[in-house]
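S.K.: Here it is, the structure in full.
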Amino acid sequence: MKKQMNGDSLLKVLDALSNPYRLKIIAVLHKDRQYVSQMARELGISRPLLYLHLKKLEEAGLIQGEHEISDDGKAMKYFELLPFNVALNAEIIAEASESISEKKKE
């Protein structure tokens, strides 16, 4: 995330960062990439709940996941943190707000 984010991207990143578990996931991945079961144990949450948080972070472009096969043939999904820098000030918010998509009423 090196370029200036548009409004929708900024909202997606801020939404992804608005949860304490997702901040803890970023802290864990900042140390090193991890596989899901290992992260779930370290964070003390279930794998299904962890996957929900990982999906949100991945959709925001903050992490990426990759499947690997272990030596004993097990499929393991590893996640790693992607480089990002979220600069935020009134000018950036004002500029980004001009490119926010209007949500359709359902």
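S.K.: Only residues that are modelled with pLDDT under 90 and of a type in the set (Gly, Ala, Ser): list them for the stretch 57-95, please.
M.R.: Residues satisfying the conditions are Ser70, Gly73, Ala75, Ala87.
S.K.: I'm trying to understand the selection: among the residues of the stretch 59-83, which are closer than 16 Å to Leu14 by Cα and open to solvent by 70 Å² or more (accessible area, probe 1.4 Å)?
M.R.: Matches in the stretch 59-83: Glu59, Pro83.
S.K.: May I ask you to list the residues in the stretch 16-41 that are in a helix (DSSP H, G or I), surrounded by 14 or more Cβ atoms within 10 Å (Cβ to Cβ) and in contact with a strand residue (DSSP E or B) (Cβ under 8 Å, 6 or more places away or on another chain)?
M.R.: Hits for the stretch 16-41 are Ile25, Ile26, Val28, Leu29, Val36, Met39.
S.K.: Out of (1) surrounded by fewer than 16 Cβ atoms within 10 Å (Cβ to Cβ); (2) over 25 Å from Ser9 (Cβ atoms); (3) over 16 Å from the mean Cα position of the chain (by Cα), the odd one out for Pro48 is which?
M.R.: Failed condition: (3).
S.K.: Checking Ile100 against (1) in contact (Cβ under 8 Å) with a residue 12 or more places away in the chain; (2) outside any loop (DSSP other than H, G, I, E, B), only one condition comes out false. Which one?
M.R.: In the conditions (1) in contact (Cβ under 8 Å) with a residue 12 or more places away in the chain; (2) outside any loop (DSSP other than H, G, I, E, B), Ile100 misses (2) alone.
S.K.: Looking at the structure I just gave you, is Leu10 in contact (Cβ under 8 Å) with a residue 12 or more places away in the chain, closer than 19 Å to Gln64 by Cβ and not in a loop (DSSP other than H, G, I, E, B)? Don't jump to the end; show me each part of the working.
M.R.: Numbers: in contact (Cβ under 8 Å) with a residue 12 or more places away in the chain: yes; closer than 19 Å to Gln64 by Cβ: no; not in a loop (DSSP other than H, G, I, E, B): yes.
It is false that Leu10 is in contact (Cβ under 8 Å) with a residue 12 or more places away in the chain, closer than 19 Å to Gln64 by Cβ and not in a loop (DSSP other than H, G, I, E, B).
The values are calculated or read from the model by the stated rules, or taken from the named source; none is laboratory data. Note that the structure is a prediction, hence the values are computed from the model and not measured. With ideal geometry, Cβ positions are generated from the backbone for all residues, glycine too; neighbour counts draw on all protein chains shown. Accessible surface is based on the protein model in full, side chains and every heavy atom, while ligands, DNA and RNA are left aside. Shrake-Rupley method; radii C 1.70, N 1.55, O 1.52, S 1.80 Å.
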